[in-house]
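Engineer: The structure that follows is given in the form of structure tokens.
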Amino acid sequence: MLICFLLKYEVRVQYSCILILKETKMAKTEPFDNFLNEYEQWFIENNYVYESELQAIRQLLPIKGRGVEVGIGSGLFAKPLGIIEGCDPSANMLNQATERGLEVLNSRFYRNKYYFS
């Protein structure tokens with residue numbers, strides 16, 4: 001399940017998670033903090049992309065169980081997928097995820113370890 005979300009994190013309008021992991025231990029949150037509204041608006045305007053990505057991810061998720069999304073962002077994908085917990089280093093994205101009713105933690109993921117802020 002983690003692989004699925006790392007891939008999702010890569011293909012978003014976000015920086016590649018793999019590049020972040022290789023470049024530095026410090027999370028680069030400025031683009032996500034500064035462009036939350038533009039990120040959300042892009043998926044509203046391109047709903048067909050949003051719906052097809054949700055459908056693709058649903059096919060990879062287990063039918064039963066509980067998951068945590070690493071890089072939950074604003075929760076735009078987690079909420080409709082039934083994922084209620086996640087972590088992300090962007091404070092603005094986490095605020096939006098919290099408004100969606102998700103349980104979130106400010107942290108970053110680096111080489112299979114969590115670092116909490």
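The values are calculated or read from the model by the stated rules, or taken from the named source; none is laboratory data. Note that the coordinates shown come from a computational prediction; the quantities given were computed from them, not determined experimentally. Note: ideal-geometry Cβ built from the backbone for every residue, glycine included; neighbour counts use all protein chains shown.
Engineer: Scan 80, 62 and give me the residue that is under 25 Å from residue 47 (Cα atoms) and loosely packed, with under 13 Cβ neighbours inside 10 Å.
Structural biologist: Every option except 62 fails the conditions.
Engineer: Hey, among the residues in the range 100-112 that are part of a loop (DSSP other than H, G, I, E, B) and touching a residue at least 12 places away in the same chain (Cβ under 8 Å), which one's surrounded by the fewest Cβ atoms within 10 Å (Cβ to Cβ)?
Structural biologist: 111
Engineer: Six or more apart or on different chains, Cβ atoms under 7 Å: show the pairs whose first residue is in the range 28-40 and within 22 Å of residue 79 (Cβ to Cβ) and surrounded by 14 or more Cβ atoms within 10 Å (Cβ to Cβ) and whose second is modelled with pLDDT under 85 and of a type in the set (A, V, I, L, M, F, W, C).
Structural biologist: So the pair list comes out as 39/13.
Engineer: While we're here: Consider only pairs whose beta carbons are under 6 Å apart and that are at least six residues apart or on different chains; among these, list those whose first residue lies in the range 64-76 and is farther than 13 Å from residue 87 by Cβ and whose second residue is of a type in the set (D, E, K, R).
Structural biologist: none
Engineer: Restricting attention to the range 74-117, which residues are among the hydroxyl-bearing types (Ser, Thr, Tyr) and at pLDDT below 90?
Structural biologist: 107, 110, 114, 115, 117
Engineer: For the range 77-99, which positions are touching a residue at least 60 places away in the same chain (Cβ under 8 Å) and either out of contact with any helix residue (DSSP H, G or I) (no Cβ under 9 Å at 6 or more places or on another chain) or in a helix (DSSP H, G or I) (or both)?
Structural biologist: Selection gives 91, 92, 93, 96.
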